[in-house]
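A.B. asks: Shown below is the structure under consideration.
The values are calculated or read from the model by the stated rules, or taken from the named source; none is laboratory data. Quick caveat, the model's predicted, so the values are computed rather than measured. Neighbour counts run over all protein chains shown; Cβ positions are idealised from the backbone, glycine included.
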Amino acid sequence: METRPKLTLEDLRAFKRTGKKFSVLTCYDAAIARLMEQAGVEVLLVGDTAAEVVLGLPSTRGISPEFLLTLTAAVRRGAPDSFVMADLPFACRVEGDPDATAEWARRFQVETGSDAVKIEVTGRDAAVVEAATRRGVSVVAHLGLLPQHIDPQVGYRAQGRDAASALQLISDARRLEEAGASMLLLEAVAGEVAAEITSRTALPVIGCVSGPGCDGTVVVLHDLLGLGMGHPPRGSKQYENLAAILTRIFTSYVGDIHAGRFPTQADVPHMKAGELEKLHAARGEA
């Protein structure tokens, strides 16, 4: 595949102006990042979903900033020419101190070499977006369903399904754009509302289970591949069942080990001719 120039925010804005859709996938390591870039995935999101699908935690809240910084830097190394989006974890949100939160966002962009930082926000968090923008951060304002703020007793629910909440989402999107957001991400937002927000802004809008009206679409890698873990939404499309494929591979490997089929003498390096006899002689063996 031909190499492409480094994808920038201006490229994504140009996609929007021309009506070209773009793809977004979550990614957590350099090897997969390299394959995604080769396949032409435009945006790689190093999501805090790593808490669930990589670490096996019950929610996205438990991931540490340092761990996610490390993963984001790895993805950047694996996909130097893709648009890499960092995700600001829950632990970096300092309530009542927009500057402290914004400083974390700056670290996530500068220390990892990412192109933008996604922050879960509502219109009430405009000060956080403003503070991060002042520090040179390209902020992706994540609206709608906010997993970091989910009440475990309530669970995941679609947003903007009635007129009042739809109006609030539209207002919040406008307020965050005015605060300096570079992009929007709408999660589990009613398709009609997501299309309305997308049509009203010059910003690129990424949808997560929010319909075809958005400029781009993001899917969690493990949902795409059928690997399980996390909270796969009903509207997520599974392209392969890698869980079944990998299970067959692992089962075959175990069978080969148990039966002595692998490794064989042909699979390992051997001493040079005559060296084994010298070894035996040196040890006083016949």
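A.B. asks: Those residues that are touching a Leu at 6+ places or on another chain (Cβ under 8 Å) and closer than 17 Å to residue 109 by Cβ, I need them from segment 34-66; list them, please.
C.D. replies: Of everything in segment 34-66, those that are touching a Leu at 6+ places or on another chain (Cβ under 8 Å) and closer than 17 Å to residue 109 by Cβ turn out to be 43, 44, 45, 46, 48.
A.B. asks: Then there's this: In this structure, does residue 41 turn out to be out of contact with any Gly (no Cβ under 6 Å at 6 or more places or on another chain) and either within 27 Å of residue 148 (Cα to Cα) or not in a helix (DSSP H, G or I) (or both)?
C.D. replies: Considered against the rule, which asks whether it is out of contact with any Gly (no Cβ under 6 Å at 6 or more places or on another chain) and either within 27 Å of residue 148 (Cα to Cα) or not in a helix (DSSP H, G or I) (or both), residue 41 comes out as yes.
A.B. asks: Please give the number of the condition residue 102 fails out of (1) surrounded by fewer than 24 Cβ atoms within 10 Å (Cβ to Cβ); (2) within 27 Å of residue 58 (Cα to Cα).
C.D. replies: Single failed check for residue 102: (1).
A.B. asks: For the list (1) under 16 Å from the mean Cα position of the chain (by Cα); (2) closer than 19 Å to residue 230 by Cβ; (3) of a type in the set (A, V, I, L, M, F, W, C), I need the number of the one condition that residue 141 fails.
C.D. replies: With (1) under 16 Å from the mean Cα position of the chain (by Cα); (2) closer than 19 Å to residue 230 by Cβ; (3) of a type in the set (A, V, I, L, M, F, W, C) applied to residue 141, the lone miss is (2).
A.B. asks: Could you list, in sequence order, all residues of segment 138-180 that are modelled with pLDDT under 95 and of a type in the set (S, T, N, Q)?
C.D. replies: Hits for segment 138-180 are 148, 153, 159.
A.B. asks: Right, here's the next one. Among the residues of segment 79-90, is any surrounded by fewer than 16 Cβ atoms within 10 Å (Cβ to Cβ) and among the hydrophobic types (A, V, I, L, M, F, W, C)?
C.D. replies: No, segment 79-90 has no match at all.
A.B. asks: Name the residue that is farthest from residue 90 (Cα to Cα), counting only residues in segment 140-180 that are in a helix (DSSP H, G or I) and of a type in the set (A, V, I, L, M).
C.D. replies: So, considering only residues that are in a helix (DSSP H, G or I) and of a type in the set (A, V, I, L, M), the one farthest from residue 90 (Cα to Cα) is 163.
A.B. asks: A further question on this structure: Residues in segment 177-195: is at least one out of contact with any Ser or Thr (no Cβ under 6 Å at 6 or more places or on another chain), of a type in the set (Gly, Ala, Ser) and loosely packed, with under 13 Cβ neighbours inside 10 Å?
C.D. replies: First pass over segment 177-195, keeping only residues out of contact with any Ser or Thr (no Cβ under 6 Å at 6 or more places or on another chain): 178-179, 181, 183-185, 187-188, 190-193, 195.
Next, only the ones that are of a type in the set (Gly, Ala, Ser) stay: 179, 181, 188, 190-191, 195.
Filter again for loosely packed, with under 13 Cβ neighbours inside 10 Å, leaving none.
Looking for residues that are out of contact with any Ser or Thr (no Cβ under 6 Å at 6 or more places or on another chain), of a type in the set (Gly, Ala, Ser) and loosely packed, with under 13 Cβ neighbours inside 10 Å, one finds none in segment 177-195, hence no.
A.B. asks: Given the conditions (1) assigned to a loop (DSSP other than H, G, I, E, B); (2) in contact (Cβ under 8 Å) with a residue 40 or more places away in the chain; (3) not hydroxyl-bearing (Ser, Thr, Tyr), report the number of the one that residue 137 does not fulfil.
C.D. replies: With respect to (1) assigned to a loop (DSSP other than H, G, I, E, B); (2) in contact (Cβ under 8 Å) with a residue 40 or more places away in the chain; (3) not hydroxyl-bearing (Ser, Thr, Tyr), residue 137 is out only on (2).
A.B. asks: Let me ask something else about it. Count, please, the residues in segment 1-38 that happen to be over 25 Å from residue 223 (Cα atoms) and part of a helix (DSSP H, G or I).
C.D. replies: Here the count works out to 9.
A.B. asks: Here is a further query. Taking only pairs six or more apart or across chains, which ones have beta-carbon atoms under 8 Å, a first residue in segment 226-249 that is closer than 27 Å to residue 189 by Cβ, and a second residue that is acidic (Asp, Glu) and in a helix (DSSP H, G or I)?
C.D. replies: Taking only residues 6 or more apart or on different chains, the pairs are 229/52; 230/52; 230/223; 231/52; 232/223; 233/223; 236/223; 238/223.
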